[in-house]
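Everything below concerns the one structure shown next.
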Amino acid sequence: MEITGLPTPVFCGVDWAEDHHDIALVDAGGQQLAKMRISDDAEGYAQLMAVLGEHGDNEATPIPVAIETSRGLLVACLRATGRPVFAINPLAVARYRDRHSVARKKSDAVDAAALANILRTDMAAHRPLPADSELVQAIAVLARAQQDAVWARGQAHNKLRSQLREFYPAIIDAFASHKHGLCSREARSILAAAPTPTSAAKLTRRRLQSLLKQAGRIRGIQAEAERLHDVFKRDYLHQLPQVEAALGHQTSALLRQLNTACDNAGQLEEAATQAFEKHPDAPVIRSFPGLAALTGARVLAEIGDDRTRFANAGSLKAYAGSAPVTRASGKSCKVMSRKVKNQRLAAVGYVWAFVSLTRSPGARAHYDRRRAAGDRHVAAQRNLFNRFMGMLFHCLQNGHTYDEAIAFPQTSASRTSAAA
């Protein structure tokens, strides 16, 4: 029996590996049309394009492709052709595989066929990779790399601080009140010059002033050098001399890792913000309270600029993890926070909501209402983030910038009546 009404008569599945990929093509009736193995290079990609062309692939009706990853050169080249590419979760592929074989057999060719059949039967239940512009794809690379560098910097800082607690509490006390702590340039400069407490105690005031200038400090150098000199001269417990010297060498190695992480985070931040400012959506995103160039770049990197990616604001909220999940069965009904979400977007959403509390009276009033209603701090911030995501969806769809009076009309009206 011929099946009609499907958007395309042929579906392609790709089971990828490091050096080769298995390809399977099936028609609308489930009949396998072709299977082959290609190499992970330009020749293999050309073979894939040739076999797709033999089965009716063209610019008007491209054959959709299902694959288990959203990254890599093969995926990038397939997306560049304009065809729909579906990144299917490997766990979902395993469930579909069991539908065709009770023996639980597995091979690369079987997985490729399973991927093609997923599109044949349930393509509407899966979302293709967005048709983002080249610029926003570059922003995504830079913003995610910068976020990874920030996380790496935090790990390097924690390792160094844990090491210093074992033998060098003076340096921790010296920068305990500093905004950036041991990640500050002053701390790293002094730690490089004096990796042990014994060497720190020998630093003169003039040497400390020189180190602070090298770190980029401009004001209050003499007073800060005096304070640091007093801290390093205090009485502390010490390790044995040879052990302290060995710990000093280890500290220098950890410091080099921290310096590299700090430099990487700074350079990637500059590159990400520069690319973000070139995007036409940047003015809309930066108009929201709590979003600056870097956080705006992270938001744009995750939501993209494909206006058809999210059907409505609810879809975007679910993707961000700000919308709750309701689980109901019989008389039981639970409303829970969403666990499956874009973790990067959820992370920047927490920062966004937190900073907006001091930038927007309406956001602060909304947060206070949620707290008064019984929400904990994280739940109230997530609720505020959820509201911001709905506003962002509307503004991007219509090309509007953020307006406090429209976003929080009750707060704006109360302020106007109070002034009158």
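Nearest 20 debye, what's the magnitude of the dipole of segment 171-313 about its Cα centre given +1 on Lys and Arg Cβ and -1 on Asp and Glu Cβ? Show your work: numbers first, answer last.
Numbers: 19 positive and 15 negative charges, 115 e Å.
About 560 debye.
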Checklist entry - What figure in square angstrom, to the nearest 10, would you give for the accessible area of LYS339 with a 1.4 Å probe? => result 150 Å²
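For segment 182-259, what does the alpha-carbon gyration tensor say about shape, rounded, prolate or oblate, given a ≥ b ≥ c as the root eigenvalues, a/c under 1.5 as rounded, and a/b over b/c as prolate? Could the numbers behind the result be given before it?
Values: a/c = 2.61, a/b = 1.34, b/c = 1.94.
Judged from the Cα gyration tensor, segment 182-259 comes out oblate (a/c at least 1.5, b/c at or above a/b).
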Checklist outcome for this item: For the chain, the charge dipole (Cβ of Lys, Arg +1; Cβ of Asp, Glu -1; about the Cα centre) points to a positive end, and the Cα of ALA301, VAL284, PHE167 closest to that extreme belongs to PHE167
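Per-residue ellipticity at 222 nm for the chain, helices alone: DSSP H runs ≥ 4 residues times -39500 (n - 2.57), over residue total, nearest 500 deg cm²/dmol?
Values: 19 runs with 242 residues, N = 420.
Calculated from helices alone, the mean residue ellipticity at 222 nm is -18000 deg cm²/dmol.
Where a ≥ b ≥ c are the square roots of the eigenvalues of the C-alpha gyration tensor, would you call segment 42-158 rounded, which needs a/c under 1.5, or, failing that, prolate if a/b is larger than b/c, or oblate?
Numbers: a/c = 2.29, a/b = 1.37, b/c = 1.67.
Oblate, because a/c is 1.5 or more while a/b does not exceed b/c.
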Item to check | the chain: DSSP helices with Cα axial extent of at least 24 Å and average Kyte-Doolittle hydropathy no lower than 0.0 | outcome: 377-398
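Just add up the charged neighbours of PHE86: K/R +1, D/E -1, any other residue whose Cβ is under 15 Å from the Cβ of PHE86.
Working: positive: ARG71, ARG79, ARG83, ARG120, ARG127, ARG309; negative: ASP15, GLU68, ASP111, ASP122, ASP306.
Charge balance in the 15 Å sphere: +1.
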Next on the checklist: Positive end of the dipole of segment 187-274, charges at C-beta (+1 Lys, Arg; -1 Asp, Glu), about the Cα centre: which of LEU255, LEU212, ALA271 has its Cα farthest in that direction?
Outcome noted: LEU212
Checklist outcome for this item: As straight-line cross-link partners of LYS331, the qualifying lysines (C-alpha separation under 28 Å, not fewer than 8 residues apart within one chain) are LYS317, LYS339, LYS341
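Accessible area, 1.4 Å probe, largest first: how do ILE38, ILE172 sort? Before the final figure, lay out each step's value.
Working: ILE38 5, ILE172 25 Å².
Heavy-atom accessible area, descending, gives ILE172, ILE38.
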Checklist entry - For mean projected area of the Cα convex hull in nm², which listed value, [x] 18.3; [y] 31.5; [z] 25.9, comes from the coordinates shown? => result [y]
Item to check | Farthest toward positive dipole pole in the chain [+1 Lys/Arg, -1 Asp/Glu at C-beta], among HIS180, ALA80, ILE67 | outcome: HIS180
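Given Cβ point charges of +1 (Lys, Arg) and -1 (Asp, Glu) and nothing else, what value in debye, to the nearest 20, does the dipole of the chain about its Cα centre take? Mind showing how you got there, number by number?
On the way: 54 positive and 40 negative charges, 495 e Å.
It comes to approximately 2380 debye.
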Checklist entry - Can you give the accessible area of MET123 in Å² (nearest 10), computed on protein heavy atoms with a 1.4 Å probe? => result 40 Å²
Item to check | Extended-chain gain in nm, criterion 0.36 nm per residue less alpha-carbon gap, THR204 and GLN274 | outcome: 21.0 nm
Checklist entry - Based on the mean of other beta carbon atoms within 10 Å per residue, what is the order of 225-231, 235-241, most packed first? => result 225-231, 235-241
Next on the checklist: With +1 on the Cβ of every Lys and Arg and -1 on the Cβ of every Asp and Glu, and nothing else charged, how large is the dipole of segment 59-183 about its Cα centre, in debye rounded to the nearest 20?
Outcome noted: 340 debye
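Of the peptides 45-53, 267-275, how do they stack up when ordered by the mean number of other Cβ atoms within 10 Å, highest first?
Details: 45-53: 15.6, 267-275: 18.8.
Output ranking for 45-53, 267-275: 267-275, 45-53.
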Checklist entry - How much net charge surrounds LEU135 when only the other residues with a Cβ under 12 Å from the Cβ of LEU135 are counted, with Lys and Arg +1 and Asp and Glu -1? => result -4
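Could you order the peptides 343-352, 66-75 from most to least packed, using the average number of other C-beta atoms within 10 Å per residue? Provide the component values of the computation, followed by the final result.
Numbers: 343-352: 19.1, 66-75: 16.8.
In descending order of packing, they fall as 343-352, 66-75.
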Item to check | Surface per residue (accessible, 1.4 Å probe) for the chain, Å² | outcome: 55 Å²
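What does the charge add up to near LEU392, with Lys and Arg as +1, Asp and Glu as -1, over the other residues with Cβ less than 14 Å from its Cβ? Don't skip to the answer; put the middle values down first.
Numbers: positive: ARG286, ARG298, ARG307, ARG309, LYS317, ARG387; negative: ASP281, GLU302, ASP305, ASP403.
Residues close to LEU392 contribute a combined charge of +2.
Pull out a ≥ b ≥ c, the square roots of the eigenvalues of the alpha-carbon gyration tensor of segment 304-420, then state rounded if a/c is under 1.5, prolate if not and a/b is larger than b/c, and oblate in the remaining case.
Working: a/c = 1.90, a/b = 1.25, b/c = 1.52.
In terms of gyration-tensor shape, oblate.
Across all directions of projection, what mean area in square nanometres is found for the Cα convex hull of segment 105-151?
On the way: hull surface 23.7 nm².
Here the figure is 5.9 nm², rounded to one decimal.
Normalised by the residues of the chain, what does the relative contact order come to in percent, with Cα pairs under 8 Å and at least six apart?
Values: 541 pairs, mean separation 52.1, N = 420.
After rounding, I find 12 percent.
The values are calculated or read from the model by the stated rules, or taken from the named source; none is laboratory data. The structure presented is a predicted model; accordingly, all values stated were derived computationally and were not measured. Cβ coordinates were reconstructed from backbone atoms using ideal geometry, including for glycine residues, and neighbour counts include every protein chain displayed. We work out accessible area using only protein heavy atoms, side chains counted, and drop any ligands, DNA or RNA first. Shrake-Rupley method; radii C 1.70, N 1.55, O 1.52, S 1.80 Å.
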